[in-house]
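Q: Quick one: the structure is below, questions incoming.
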Amino acid sequence: MSVTDRSLPDQSVPEDQSVPEDLSVAAPAGDAAFKRRFLQRLTALSAGGQFIDGYIMGIIGTVIVAVAAELEMSLFWEGLTASAALIGIFLGAPLGGWLSDKFGRRPIFFADLVLFLVGSIAQFFVHEPILLFATRLIMGIAIGAEYSVGWPLLAEFSPARLRGRLLALSNSCWYVGFMVAFIVGYALTRYTDVGWRVILGSSTLLAVVLLVARLGIPESPRWLWSVGRKEEALVIAERYLQSPEDVVDVQRETARKGSIGMLFARENRRGTAFITLFWVCAVMPYFAIATFAQGVLEDYGLADGLAGGVGLTSLATAGVVFCTLFVEKLGRRRLAIYPQWICAVALAVIGLWVGAPALVVLICFFVFSCFNAMCATLTGVFPAEVFPTEIRGIGTGFAAAVSRIGAALGTFLLPWAITNVGAAPAMLVAAAICVVGAIVCQMLAPEMTGRNLSETQHEDRVVPD
C-alpha cells in the first residue's frame, strides 16, 4: 500500500488553535526575499556544524601515525583516540536532544559550539594519550548536541517541498569537511614542518567563524507551539516561514511535553527502531574504513594510501551530491535501500576474492564509498521527518547515540581485526552489516517525500507495503 492510499488527517486548524486576530495582523512578516535569505543562512549554519564534525573525524586519520609515535601509544590507545569523538557523540547527542526539546533549539544551537571551541583549543596543549582522548571526547559531546538540534531546527523552518534537499545538503557538508580535512592534513604533513597539534587544532578557526555567524538565529516556531507559547510561535512563523501553508501547518502541531519514553510508545516505536538500525548500519562500516583508510589501502597493496583515502572521500562526496539533488524526485526509500545492496556486493568482492588485483580492490572501495554516502545522507533527513516535534531532539539524539556505538566499535576494532584475523574477514563482516541495513530499510522505512511535518504525529506515515 502506498502512502497516498491512506487518508490523511484533517488538515484544518483546530478551533482552539486559530490565529489570534490582533497577532495575525500585527506579526512583522518578512517579504519573500527576506525569508529566502534566512532559509539559506540557516541551511549554511546547519551545514557548518556538519562540516566541522566531518573535519575533526577526517583530520585525526592523517596524523594518527605521528600522534601514536610521539605519545608512544599502544594499539588500544590508538583505537580509543580515533574513536573518542564518536564516544562523545554517544554522550552528547541524547543530552543535547533532551535539552533542545526542553529549553528550545536556539540556546543549544549556540552553546554546543562554545563547548566544541573549548575542546578544539585544548588540542594545542596535550602531551599524554589520555589528555588527547579527553579533548576529542569533549568535541564529540558538542557534535552530538549539534546533531540533535541542527537538523531539527532546519527541518522546522523548511517547506515540505525543499525539506529533504536542504537536510541532505546540510548532511553533505560532513563529507566535504572530511575530504577537506584529508587534503589539509596531507598538505601540512607532507609540505610543512607543523606538528600534529597544530593540524588537529586547525578546527578552532572554523568553530570561531561559525559561532559568530549563529548570533541572532530565532527560536523554532514549531517548538514554541509544542510547549504552548503559541503567540510567539505565530510571530516567528509569519516572519520567517515561506508560505501561508507553512504557518498553518505549525498550528497543526500538538502542544504536549515530550519524554524519552515516548520514543517507545506505540505510535513512535517503529520509527525509533527504523532510524536507529538504519543509522547504525550506514555509519559503522564507513567510519571504520574511512578513519583508517591509509592503512587499509596499504594493506591491500596500494602504496599511496593517503591519496587513496582522499579518493574515497571524494567519491563519497559525489554520492552525497547525487542524493541531495534527487532526494525529492526519487524519494527517501529508493535512496536508502538500493545503495546498501550495492555496498554489500562491493565489500563482499574484496573479502571473497583473495589476491584480487589492486585496481579491483580500489574500484570496490570507491563504489562502497560512493553508495554508502548516498544512503547515509538520509541519516540527516529521516530523524527530522519521522519524529514529532516534542521528541524530535531526543529522538534524533537517541538514534545518533546508538549509531555511534556501532561506529566507535567499528573504528576501534578494525585495526585489531586486520592485524589478528586479516583484512578479508573484516570486509565480509562489513558487507553483512550493509545487508542488514538494506533489509531494515525495505521493511521499515517510511516515505515522507513532500509531506508536512505535522503529519508525523499520525500513523499515516507507516511503511508502504
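The values are calculated or read from the model by the stated rules, or taken from the named source; none is laboratory data. Since we're looking at a predicted model, the values are computed, not measured. Every residue, glycine as well, gets a Cβ built from its backbone with ideal geometry; the counts of neighbours run over all protein chains shown. The area values use the complete protein model at the heavy-atom level, side chains included, leaving out ligands, DNA and RNA. Shrake-Rupley method; radii C 1.70, N 1.55, O 1.52, S 1.80 Å.
Q: Could you run the Debye sum over the Cα atoms of segment 142-290, one equal point scatterer each and no solvent, and tell me log10 of I(q)/I(0) at q = 0.16, 0.17 Å⁻¹, two decimals?
A: Scattering profile of segment 142-290, log10 relative to I(0): -1.12, -1.20.
Q: For segment 336-383, state the average projected area of the convex hull of the C-alpha atoms over all orientations, rounded to one decimal in nm². Could the numbers behind the result be given before it?
A: Working: hull surface 12.8 nm².
Reported value for the Cα convex hull: 3.2 nm².
Q: Rounded, prolate or oblate: which one fits segment 97-206, using the alpha carbon gyration tensor with axes a ≥ b ≥ c (rounded when a/c is under 1.5, else prolate when a/b beats b/c, else oblate)?
A: On the way: a/c = 3.45, a/b = 1.57, b/c = 2.20.
It is oblate, given that a/c is not under 1.5 and a/b is not larger than b/c.
Q: Which loop-located chymotrypsin sites (Phe, Trp or Tyr not before Pro) does segment 62-124 contain, where loop means any DSSP state but H, G, I, E or B and the Cβ has at most 16 other Cβ atoms within 10 Å?
A: Values: sites: PHE76, TRP77, PHE90, TRP98, PHE103, PHE109, PHE110, PHE116, PHE124; in loops: none.
The qualifying sites: there are none.
Q: For segment 64-210, what is the accessible area per residue in Å² when the probe is 1.4 Å?
A: 38 Å²
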